[in-house]
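Values quoted throughout were computed directly from the atomic coordinates according to the rules given, and no laboratory measurement underlies them. Fair warning: this is a prediction, and the values are worked out from it, not measured in the lab. Cβ placement follows ideal geometry from the backbone for every residue including glycine, while neighbour counts extend to all protein chains displayed.
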Amino acid sequence: SKIDPLNLELEITESIIMDDVEAAIKIMATVKSRGIHLAIDDFGTGYSSLAYLKRFPIDVLKVDRSFVMDIPSDKTDMAITSAVIAMAHKLSMRVVAEGIETQEQLDFLRDNGCDDGQGYLLSRPLTLPQLHHFLVNHSKTHPTK
């Protein structure tokens with residue numbers, strides 16, 4: 001393939017990693033050695049221990065939508081989400097929040113330093129032609145950082 005591995009990011013669900021932690025760590029180390037970035041998807045919904053985070057060679061932590069959907073009405077979800085963002089940053093990980101559907105959720109996540117987001121507020125699923133149209137129009141009106 002002509003794709004630079006540095007431009008690839010592989011998402012692994014938390015539950016898959018926890019099936020066989022030692023094997024997962026070896027596989028992730030091999031993937032990382034090739035320059036591919038790794039993301040843990042659905043973080044916080046499985047049975048993982050925070051102690052494993054220091055052993056996993058992870059670049060991105062994806063906060064599950066179950067923690068985002070009740071922001072700002074659920075103070076517990078807000079506390080957990082802000083703590084996860086802070087912890088991930090201390091571990092040099094980027095944070096992606098899933099399931100952003102309201103401006104209030106987006107504002108909270110931005111205020112707490114969340115790096116990226118996914119959800120219907122930002123974009124619904126797109127067909128390939130819709131994606132092309134979105135990218136052409138988005139790049140003209142919203143230059144990237």
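Per-residue Cβ neighbour counts within 10 Å put THR102, THR127 in the sequence THR127, THR102, beginning with the fewest. In order along the range 117-129, phi translates into HN-Hα couplings of x, 9, x, 4, 4, 8, 5, 7, x, 10, 6, 4, x Hz, rounded to whole numbers, per the Karplus curve 6.51 cos²θ - 1.76 cosθ + 1.60 with θ = phi - 60° and x for Gly and Pro.
When +1 charges are put on Lys and Arg Cβ atoms and -1 charges on Asp and Glu Cβ atoms, the dipole computed for the range 5-141 relative to its Cα centre reaches about 540 debye. Rounded to whole numbers, the Karplus 3J(HN,Hα) couplings from phi for the range 66-75 are 4, 8, 8, 5, 9, 7, x, 6, 9, 5 Hz, using 6.51 cos²θ - 1.76 cosθ + 1.60 with θ = phi - 60°, and x at Gly and Pro. Annotation: amide H-H contacts under 5 Å for LEU10 (H modelled 1.01 Å from N, sequence separation of 5 or more, or interchain): HIS37, LEU38, ALA39. Here the Karplus relation 6.51 cos²θ - 1.76 cosθ + 1.60, evaluated at θ = phi - 60°, turns the backbone of the range 101-106 into coupling constants of 10, 10, 5, 4, 5, 4 Hz, with x for every Gly and Pro. Once you keep just the Cα pairs under 8 angstrom separated by 6 or more residues, what percentage relative contact order results for the chain? RCO, the chain: 17 percent. Which FRET efficiency value, to the nearest 0.05, do you get for ARG55 and HIS132 by plugging their Cβ-Cβ distance into 1/(1 + (r/R0)^6) with R0 = 41 Å? Efficiency computed from Cβ-Cβ geometry: 0.50. GNM remark for the chain: springs join alpha carbons under 10 Å apart, and the peak mean-square fluctuation among ILE17, ILE40, ILE27 falls on ILE27.
Each Lys or Arg adds one and each Asp or Glu subtracts one; over the other residues with Cβ under 11 Å from the Cβ of ARG94, this totals -3. For the range 11-52, the Cβ-based charge dipole about the Cα centre amounts to some 300 debye (Lys, Arg positive; Asp, Glu negative; other atoms uncharged).
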